[in-house]
Amino acid sequence: MALILSELKLPLNAEESSLKEFAARALAMPESAIHTLRINRISLDARKKEDICFTYTVTVGLSEKDEARVLRRSAIRIARAPEESPRQLSFGSEPLKAPIVVVGLGPAGIFAAYQLAKNGYRPLVLERGREVDARKTDVARFWKTGVLDEASNAVFGEGGAGTFSDGKLTTRIKDARAQEVVSIFAEHGAPEEIKTMAKPHIGTDKLVQVVKNLRLAILRMGGEVRFETRLAGFERNGDALSAVYAQSAAGRERIPCAACILATGHGASDTYRMLAESGLLMQAKPFAAGVRIEHPRELIDRSQFGAFAGHPRLGAAEYHLADQSGGRGVYTFCMCPGGSVVACASEQGGVVTNGMSCYARNGENSNAAVVVQVDARDYGAADPLAGLRFREALEREAFRRGGGGFIAPASQVGDYLAGRASSGFGAVRPTYAPGVRATDVAACLPGFMAVGVRDGILAFGRRLKGFDMADAVITAVESRTSAPVRIVRNENGEAPGLSGFYPAGEGAGYAGGIVSAAVDGMRTAEHVMERFARP
C-alpha cells in the first residue's frame, strides 16, 4: 500500500539518504515499516535564513495495517497515493488526405509535432531558422560582432527563444500534461532531477542538446523537419484551410495540408502582419516591458540565504518581486541566477534584451527583468497590431539610444534613481553583448514605464537587501515578455472562419513559458487528432 507524505523537512546539511529516517520519525514508526520510498517533489524553504531546509513530498509504501493506523492520525500531512493511469487520447474518423503542417520548432511546435508523430500522424514541420548547432554559431557571431542574421538568432531557429534562456520549467498551470512535458525533457537528455524539483531548470547549455534530441525523435517516428523555411501565406477552400505557402531559398512552395498548427513565437512580427492582412481574427493583448537589472550573484545569494550563501546544495539564489506603480503592476520576470543579459533581436534596427543562464548558474552576475504592465491605455484597442507597434517603437528607441550596432543603452541604478545619465560603470560589469553604452535609460522609455521601473526598484530594495544598490546595472529594453497579440481560437482550438488552422503557444497568445507553451502545443495536437483518423 502507498501513502503520500508531504511537508517532510530535511535540514540543509542532512544527506538525502537519511530521508527514510526522517519519514519514519514523522510517521512515528520504525524505518523497517517503510517498504518503499519515492521522492515526488523537492522544494527549498529559505523563509528563515537561520533555518534553511528542503521540503519533500514522498510516496511511502507501508503494510495495510500500518497504512490504516497512519490514516487515523491527523497530526501529519498524509493521504492515499492515487492510482496512476496514463491520460487517454481520442482519435477522430475523418480520413487524413494531406499532411498536418506544424509551423515553428519552439516548445509549442516541438511538442505538437512530438505528440502527432508519436501517434502515427507523421507531421511536416516548417522552421524559419536553422538547426540548433548552426544556430549556436550564428548567435555567437551576433553577440560578438553585432551583425544580425534575421533568420537565425536567439529568437528564430530550432528550440525557439527558450533555447537561449535559463531553461526554466516552472509553471502555474494546472494540467496533467505539464508533468508529461517535464518527463519527456528528461527522457531526451535533461537532468533527471527536473522531475522532482519544485523549480526545475535545464540551462541553455543542456537545453541545446535536448531540443536536438527531440527533433531526432520526431524524425525517427516518421515526422519531417524543414529548416530555413518560413510560412508565407495560406490558401482557403471556402472557410477551410486547403494549403500553406512556404518560402525558402528554393522559392515559394504550395503545400497542401489537412491542418496547420501555427506555433510561431511572439517574435515573428511579419507573421502577425500576414495573418492580419489575411483577415484572421486577432486582438491586441496586454503585455509588459521594461529593463534588465544585474547584481553581483554573491549579493543576491547573501540577501536570500544569509550565512548559508555559497552552500553547495543551494546553488545561486532566485527571487520574484512584485508591486504597484501608478495603478499598474511592476514585477520581476525571468530571473536568471548566475547568468548574463543577452541580445535577442530578430529584426534590424531594434534592441531586445533577455536573460540566459547555463545549468551551473555560476556566472558573476544574477539578472532579471523589471517590467511594467502595458495595455490599451498605451496603444489603443481598436487595431489588433497596436501593441506590436508599441513594442517595436520601444525596441527602435533603444537601438537609437545605444548608437547602432545593437549596442544597448544602460545605466547604473544610482544614476537612474537620481534622474541623471550614467557616464560609466562601477562594481557591477554589464554582461550584455555586443556591448552597452552608458546613458540615461529613463530617456529610452515612455514616462509611465520609466517611473514604474524606478518605483519598482525602490520597492524591491526594501524587500531584498541590495536590490537598489547604486552600482547595479539596468539595460534597455526588455520588451518580449509575452505576445502583444492574441490569435482568436474556438473551443476546438481552431481559428474562427478558418477550419483546420490551429493557433498555439506563446506566439498565439496562449502561453507564458517553456512548459505552458509545450502543454498548449500538445493540447492543440490532440484537437487535431480528435478530428482525423490515425493513419
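General remarks:
- With R₀ fixed at 56 Å, the C-beta to C-beta distance from S43 to N119 puts the FRET efficiency at about 0.95.
- Amide H within-cut-off set for L37, under 5 Å, with H built and near neighbours excluded: G61
- In segment 149-195, the GluC sites (Glu not before Pro) that fall in loop regions by DSSP, at most 14 other Cβ within 10 Å: E150
- Probing with 1.4 Å while keeping every protein chain in the model, the per residue accessible area of segment 494-535 equals 24 Å².
- Accessible surface of segment 1-55, 1.4 Å probe: 50 percent of it comes from carbon and sulfur atoms.
- Based on Cα contacts under 8 Å between residues 6+ apart, the chain shows a relative contact order of 19 percent.
- In plain terms, the chain from A470 to R389 could stretch by 25.8 nm, reckoned as 0.36 nm per residue minus the Cα-Cα distance.
- Ranking by accessible area, most exposed first, for K195, K118 with a 1.4 Å probe: K118, K195
- Among the protein heavy atoms of segment 112-247, carbon and sulfur supply 46% of the accessible surface, probe 1.4 Å, non-protein parts ignored.
- Apportionment of accessible area to carbon and sulfur, segment 426-535, percent (1.4 Å): 47 percent
- For the chain, calculated [θ]222 nm from helices alone, where every DSSP H run of n ≥ 4 adds -39500 (n - 2.57): -9000 deg cm²/dmol
- Computed over protein heavy atoms with a 1.4 Å probe, the accessible surface of segment 256-329 works out to 37 Å² per residue.
- Here the spin labels are modelled as points 7 Å beyond Cα on the Cα-Cβ line, and at Q324 and K97 they lie 5.8 nm apart.
- Label zone at S423 (point 7 Å along Cα-to-Cβ), backbone N below 12 Å, segment 458-500: none
- When only alpha carbons are used to place a centre, segment 355-424 and segment 118-170 end up 22 Å from one another.
- Cα centroid separation - segment 456-515 against segment 11-77, whole Å: 37 Å
- Antiparallel DSSP beta bridges within the chain, percent to nearest 5: 80 percent
- Extension gain from S6 to A68, taking 0.36 nm per residue of separation minus the Cα-Cα distance: 20.6 nm
- Accessible-area value, C53, 1.4 Å probe, nucleic acids and ligands omitted, Å²: 10 Å²
- Taking 0.36 nm per residue of sequence separation and removing the Cα-Cα distance, the R396/A443 pair yields an extension gain of 15.6 nm.
- V488 versus L458: modelled label distance in nm, points set 7 Å from Cα along the beta carbon direction: 4.2 nm
- Under 18 Å from a label point set 7 Å out along the Cα-to-Cβ vector of A360, the amide N atoms of segment 160-195 belong to 165-167, 191.
- Computed label-point distance, nm, for sites E16 and M29 using a 7 Å Cα→Cβ extension: 2.5 nm
- Segment 83-99-segment 224-260 distance, computed between alpha-carbon centres (Å): 24 Å
- Whole-Hz ³J(HN,Hα) from phi, Karplus 6.51 cos²θ - 1.76 cosθ + 1.60, for segment 437-446, glycine and proline x: 10, 5, 7, 9, 5, 4, 6, 7, 10, x
- With protein chains left intact and a 1.4 Å probe, residues in segment 346-426 average 36 Å² of accessible area per residue.
The values are calculated or read from the model by the stated rules, or taken from the named source; none is laboratory data. Quick caveat: nothing in here was measured; it's all calculated off a predicted structure. Using ideal geometry, Cβ is built from the backbone for each residue, glycine included, and neighbour counts are taken over all protein chains shown. Heads up: the accessible areas ignore ligands, DNA and RNA and are worked out on the full protein's heavy atoms, side chains in. Shrake-Rupley method; radii C 1.70, N 1.55, O 1.52, S 1.80 Å.
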